[in-house]
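Undergrad: Dropping the structure in here first, questions after.
The values are calculated or read from the model by the stated rules, or taken from the named source; none is laboratory data. Keep in mind that this is a model prediction, so the values were computed, not measured. A quick note on method: Cβ atoms are made from the backbone with ideal geometry, for glycine too, and the neighbour counts reach across all protein chains shown.
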Amino acid sequence: GSIADSITRSVETVADTVTAPFGDPVIRLGVTGLSRAGKTVFITSLVANLLDRARMPQLVAEAEGRILAAYLQPQPDDTMPRFDYESHLGALTAAQPRWPESTRAVSQLRLSLKLRPTGLLAGVSGARKVHLDIVDYPGEWLLDLGLMDKSYTDWSLETLGRLPHRPGGGAYLDMARAEDATARLDEPRAKALAARFTQALHSAREAGFSDCTPGRFLLPGEKEGSPALTFAPLPPLDDAPRQSLWREMQRRYEAYKSQIVKPFFRDHFSRIDRQVVLVDALGAIHAGPAAVEDLRRTMAEILTAFRPGANAFLRQILLGKRVEKILFAATKADHLHHTQHARLTAIMEALTREARDRARFAGAQTGAMSIAALRATVEQTLPHQGAQLDCVRGTLLNADGTRGREAAFHPGELPQDPARLLGPARDGAEKWLGDDYAIMRFAPAPLTLRPNEGPPHIRIDRAAQFLLGDRL
Ligand code: GDP
């Protein structure tokens with residue numbers, strides 16, 4: 001945009017992060033993570049536990065009795081979809097509880113807190129208000145940032161290069177190589193290529209790979225079927241004729257960047273103050289070393305998005321604004337007995353440290369944790385072959401979504417030393433989290449909440465303290 005445009009935007013950005021129209025401070029908390037990482041469950045449980053805080057002892061403002069009230073408010077952005085908190089909580093708290101519908105696109109919710117003032121003014125001033133705007137968006141979209149400074153040729157080379165190592169990749173590769181990309185564009189061919197490529201991305205995702213860009217191919221939002229989402233990588237061509245398949249694919253790739261990726265970063269991402277990145281680390285560890293390796297790279301890539309200056313495009317839209325805190329949280333820790341949680345946290349810490357180094361990241365404060373937004377299991381220690389085995393017990397979810405049998409599981413041990421999993425000494429053949437983990441898809445447990453009590457969780461209060469504590 002023009003200089004005038006960016007100046008207006010920077011003034012707006014500064015104005016609405018520091019104060020709301022009525023002068024109350026606003027914290028914009030971004031919640032992201034790849035699909036199925038647990039964003040919807042996290043936001044629903046966080047909000048429920050901020051509204052009813054009996055299970056939030058690690059949130060210091062709550063422990064000190066300074067939170068006088070918490071309530072939901074109409075959100076300030078009229079054109080932004082609202083996070084459907086009530087339906088999601090309804091699903092989790094029904095007599096036959098269900099997991100809520102997962103995040104498909106960006107949405108937002110405003111929760112306001114009334115706080116007893118502290119410090120010098122404590123005695124004289126009235127209650128303070130802080131608004132928390134929670135912004136939910138797919139992590140897949142965040143990874144698209146990596147495309148912004150990549151040409152179609154470079155992106156194609158890189159993408160085609162990793163397809164042979166991924167499930168479903170070979171089928172697309174054969175198709176792309178057989179294509180005469182100099183021929184005039186034929187829409188059904190373009191569609192077929194894009195469809196096969198999308199299939200390969202889905203297969204890679206299912207096999208536990210994290211970096212499956214373009215992100216909109218997995219979660220298209222409302223732009224599904226448009227030309228900007230109907231392209232695919234093709235082997236480089238130096239002088240493809242005008243109107244050829246190759247030229248048109250290149251044009252659509254550029255349209256994807258400028259008309260889909262860019263507006264998301266400009267309108268949503270650029271306004272975030274604090275960020276939580278949810279990571280299904282257990283899923284990746286169970287999927288095996290290639291998935292863990294991919295997760296390491298992906299975390300570094302995510303961090304680059306929060307390193308202003310790393311990317312010319314970002315520098316231009318962020319205009320000096322930066323995210324202050326980023327929490328990487330391993331989700332679904334209720335799949336493990338608490339005796340394993342420290343190991344999971346150590347793995348997350350190692351991954352985060354690594355990602356910081358790889359991304360040469362200096363800036364926001366980063367943290368790592370293992371959490372469960374909604375605890376679906378209870379712990380149980382069972383005798384097994386003369387020893388005591390630490391298990392978790394829960395109700396399995398059938399493939400058709402109905403509740404299955406209740407059972408206790410021991411998903412195996414995580415390595416004591418994260419280097420066994422992540423370091424150069426890792427043994428490719430070593431398998432962490434056994435076969436039990438593969439069937440551990442739990443249904444949410446029926447809840448009987450006492451007044452003032454949110455849903456049971458693991459360390460969501462610590463996560464809230466890290467992300468917001470200093471502003472409450
Ligand atoms: P999203 O795609 O990031 O919005 O992911 P969701 O929040 O919809 O979560 C995806 C699935 O992960 C859920 O349907 C649950 O099966 C599972 N899940 C999410 N959070 C938890 C948790 O705290 N504990 C357990 N046991 N499962 C969870």
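Undergrad: Looking at A312, A355, A368, A329 in this structure, which one is aliphatic (A, V, I, L, M) and within 16 Å of the ligand (Cβ to nearest atom)?
TA: The match here is A329.
Undergrad: Among what's in the range 23-34 and is of a type outside the set (A, V, I, L, M) and either outside any strand (DSSP E or B) or within 13 Å of I371 (Cβ to Cβ) (or both), pick the residue that is farthest from the ligand (Cβ to nearest atom).
TA: In this case the residue turns out to be G23.
Undergrad: Follow-up. Name the single residue that is farthest from D273 (Cα to Cα) among those in the range 94-148 being small (G, A, S) and not in a loop (DSSP other than H, G, I, E, B).
TA: For the range 94-148, the residue satisfying everything is G119.
Undergrad: A further question follows. Could you check how many residues of the range 38-59 are out of contact with any Asp or Glu (no Cβ under 7 Å at 6 or more places or on another chain) and more than 16 Å from the ligand (Cβ to nearest atom)?
TA: Total meeting the criteria: 2.
Undergrad: With at pLDDT below 95, touching a strand residue (DSSP E or B) at 6+ places or on another chain (Cβ under 8 Å) and on the phi < 0 side of the Ramachandran plot as the only criterion, which of L142, L163, L147 stands out?
TA: L142
Undergrad: Same structure, new question: Tell me which residues, restricted to the range 213-243, are farther than 19 Å from V106 by Cα and assigned to a helix (DSSP H, G or I).
TA: Once the filter is applied, which keeps residues that are farther than 19 Å from V106 by Cα and assigned to a helix (DSSP H, G or I), the range 213-243 yields only P227.
Undergrad: Considering only the range 60-88, how many residues are within 16 Å of the ligand (Cβ to nearest atom), assigned to a helix (DSSP H, G or I) and surrounded by 19 or more Cβ atoms within 10 Å (Cβ to Cβ)?
TA: 2
Undergrad: Within the range 89-105, take every residue that is among the hydroxyl-bearing types (S, T, Y) and either touching a Ser or Thr at 6+ places or on another chain (Cβ under 8 Å) or within 13 Å of the ligand (Cβ to nearest atom) (or both) and give me the one that is modelled with the lowest pLDDT.
TA: Taking the range 89-105 and keeping what is among the hydroxyl-bearing types (S, T, Y), we get 93, 102-103.
From what is left, the residues that are either touching a Ser or Thr at 6+ places or on another chain (Cβ under 8 Å) or within 13 Å of the ligand (Cβ to nearest atom) (or both) are 102-103.
Working: S102: 92, T103: 88.
Top of the filtered list is T103.
Conditions (1) in a helix (DSSP H, G or I); (2) under 23 Å from V277 (Cβ atoms); (3) touching a helix residue (DSSP H, G or I) at 6+ places or on another chain (Cβ under 8 Å), marked per residue:
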{"residue": "A399", "(1), (2), (3)": "no, no, no"}
{"residue": "A408", "(1), (2), (3)": "no, no, no"}
{"residue": "E413", "(1), (2), (3)": "no, no, yes"}
{"residue": "Q416", "(1), (2), (3)": "no, no, yes"}
{"residue": "L421", "(1), (2), (3)": "yes, yes, yes"}
{"residue": "K431", "(1), (2), (3)": "no, no, no"}
{"residue": "A445", "(1), (2), (3)": "no, no, no"}
{"residue": "R450", "(1), (2), (3)": "no, no, no"}
{"residue": "R462", "(1), (2), (3)": "yes, yes, no"}
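Undergrad: Can we say L185 is out of contact with any strand residue (DSSP E or B) (no Cβ under 6 Å at 6 or more places or on another chain), in contact (Cβ under 8 Å) with a residue 40 or more places away in the chain and within 16 Å of the ligand (Cβ to nearest atom)?
TA: Numbers: out of contact with any strand residue (DSSP E or B) (no Cβ under 6 Å at 6 or more places or on another chain): yes; in contact (Cβ under 8 Å) with a residue 40 or more places away in the chain: yes; within 16 Å of the ligand (Cβ to nearest atom): no.
No, not satisfied.
Undergrad: Report whether or not E206 is buried (at least 19 other Cβ atoms within 10 Å of the Cβ) and within 26 Å of M175 (Cβ to Cβ).
TA: On the way: buried (at least 19 other Cβ atoms within 10 Å of the Cβ): no; within 26 Å of M175 (Cβ to Cβ): yes.
It is false that E206 is buried (at least 19 other Cβ atoms within 10 Å of the Cβ) and within 26 Å of M175 (Cβ to Cβ).
Undergrad: In the range 266-360, which helices (runs of 4 or more DSSP H) lie fully inside it and hold 2 or more residues that are without any contact (Cβ under 8 Å) to a residue 24 or more places away in the chain?
TA: Per the criteria, 341-358.
Undergrad: Applying the selection to the range 170-182, what residues are of a type outside the set (A, V, I, L, M, F, W, C), in a helix (DSSP H, G or I) and in contact (Cβ under 8 Å) with a residue 12 or more places away in the chain?
TA: Within the range 170-182, Y172, R177 qualify.
Undergrad: Listed residues S203, S210; which is over 18 Å from Y152 (Cβ atoms), in a loop (DSSP other than H, G, I, E, B), of a type in the set (G, A, S) and not assigned by TED's automatic domain parsing to the domain that holds A105?
TA: Checking each option against the conditions leaves just S210.
Undergrad: Is it the case that P411 is within 16 Å of the ligand (Cβ to nearest atom) and either of a type in the set (S, T, Y) or more than 17 Å from K325 (Cβ to Cβ) (or both)?
TA: yes
Undergrad: Determine which single condition A37 fails, assuming it passes every other condition in (1) outside any loop (DSSP other than H, G, I, E, B); (2) modelled with pLDDT of 85 or more.
TA: (1)
Undergrad: Name the residues in the range 401-424 that are of a type in the set (K, R) and free of Cβ contacts under 8 Å to residues at least 24 places away in the same chain, would you?
TA: The answer is R405, R420.
Undergrad: Can you tell me which residue is farthest from the ligand (Cβ to nearest atom) among those in the range 244-277 that are at pLDDT 95 or above and touching a Phe, Trp or Tyr at 6+ places or on another chain (Cβ under 6 Å)?
TA: Taking the candidates together, the pick is Q250.
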